[in-house]
Amino acid sequence: MLVMHAATHYKMTGAWEGYDETDAGSVARLSGDYFTITDNDGNTVYTNEKDVERCCADSKHAYAQTKYPILVEEEKVGELTAGYFTNHTTSAEADAFRGSGVSLVVLAIICISMSGALVSILFFYRLSKPIHDIAATAKDISKGHLQSRVSIKSNVAEMHEIADSINTLGSSLLNQEKFRRQLIVELSHELRTPLQILFNQIEAMLDGIHKADRPHLESMHAEIARTGELLNELEDRLIYENDTFEMNISPTNISEITTKVALGHEGSFVQKKLEFSTDIEPEIIVAADGVRYAQVLINLLSNALKYTNKGRVSLSLRHGDGAAELLIADTGEGIAPEIIKNIDNRSGQSFKAVNSKGVGLYIAKLIIDKHGWKLSIDSETNAGTCIRVAM
């Protein structure tokens, strides 16, 4: 501070004249600071070190000096020699003051440490409590108690996010479990009918009531086919239930796939005496999984065939606003609004009919969503359905 004071004086006046008139020296001496300022030629500008020999009667307290350059704009304009007493111990009052200061510092450190420890204990308690609740709920869910939910009181946003995730997981697992149970009950009900018919017909043949002629064998064949369709639907629903099926996306000529699937369905439409028309633009290439895309087409055309008793079904594939647009329209019985509403809801899908329209749409919607495409459905009861897939 003395060096800065001297440098400021020189910078303001441009010379050392007048510095001895300041009160810096007397103030410094009162605080026990002794110094001498000399210019670059070694001439003394100011000093308050006169007659300074020792601070007290103890001869071991030697007087020492340290030199500091005085710089103004990085140029040396003088030098300050600071003096001090080595090994100096002040009066008993000063020693007592220093001792009490050390005691206060130690006491403050102890208080701060104890306060910090207390705050840490409270913080970790408040942090560990919700963690314990979340862990307990997760453990309950893992043991099959899917109704368990966690509710926490915490100011930590991440804790609420984890709790919400655990609750969402529990709800999802509970819905899946309800779905599986419903699936088993409904499937067993559906399978019981064709199996009972087969059993009765075979028993009648064995008893001689019916002959094993063509009409009876065709009836049995139809029931076996019905059972096979039920099992195929069960397989599809189990595959797509968790939305985790793999996709192999690559540039695909969907025009070729659409043409092949349409040709494969022509015979079925002819047998049902329905008009089936196609408008497929050639060489449409999009990023798609060819196998999954074919399954979407099969599901949608199968629904149109099953639920259209008279009139026509049309299939169109052309370049649209995006890469392409697929359009399937029919003059069938239409789709109930609740089925359209519950396409994304597994537990809302009925299993009351073989290859039910809701299930076929549900699987098609999953595949379409996986591709990042958009599905839209316009349907009117007894007037027909128009399904559009924008790619």
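The values are calculated or read from the model by the stated rules, or taken from the named source; none is laboratory data. Remember, it's a predicted structure, so these values are computed and weren't measured experimentally. FYI the Cβ positions are ideal-geometry reconstructions off the backbone, even for glycines, and counts take in every protein chain you see. Quick note on the areas: whole protein, heavy atoms, side chains included, nothing else; ligands and nucleic acids left out. Shrake-Rupley method; radii C 1.70, N 1.55, O 1.52, S 1.80 Å.
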> For region 266-303, which GluC sites (Glu not before Pro) are in a loop by DSSP, counting at most 12 other Cβ atoms within 10 Å?
Replying inline: GLU283
>> If you roll a 1.4 angstrom probe over the protein chains with everything in place, what fraction of the accessible area of region 149-230 belongs to carbon and sulfur, to the nearest %?
In response: 59
>> Amide H of HIS210 versus every other amide H placed in the peptide plane: which residues, excluding those fewer than 5 positions away on the same chain, fall under 5 Å?
In response: MET205
>> Check which residues have an amide H placed less than 5 Å from ASP289's amide H, if you skip close sequence neighbours.
In response: SER250
> Among the listed pairs LYS178/LYS341; LYS273/LYS370; LYS341/LYS370; LYS211/LYS273; LYS341/LYS374; LYS153/LYS341, which are separated by more than 25 Å between their Cα atoms?
Replying inline: LYS273/LYS370; LYS211/LYS273; LYS153/LYS341
> So who's got an amide H within less than 5 Å of the one on TYR46, skipping anything under 5 residues away but keeping other chains? H placed 1.01 Å off N, in plane.
Replying inline: ILE37
> Heavy-atom accessible area of ARG180 with all protein chains present, probe 1.4 Å, nearest 10 Å²?
Replying inline: 90
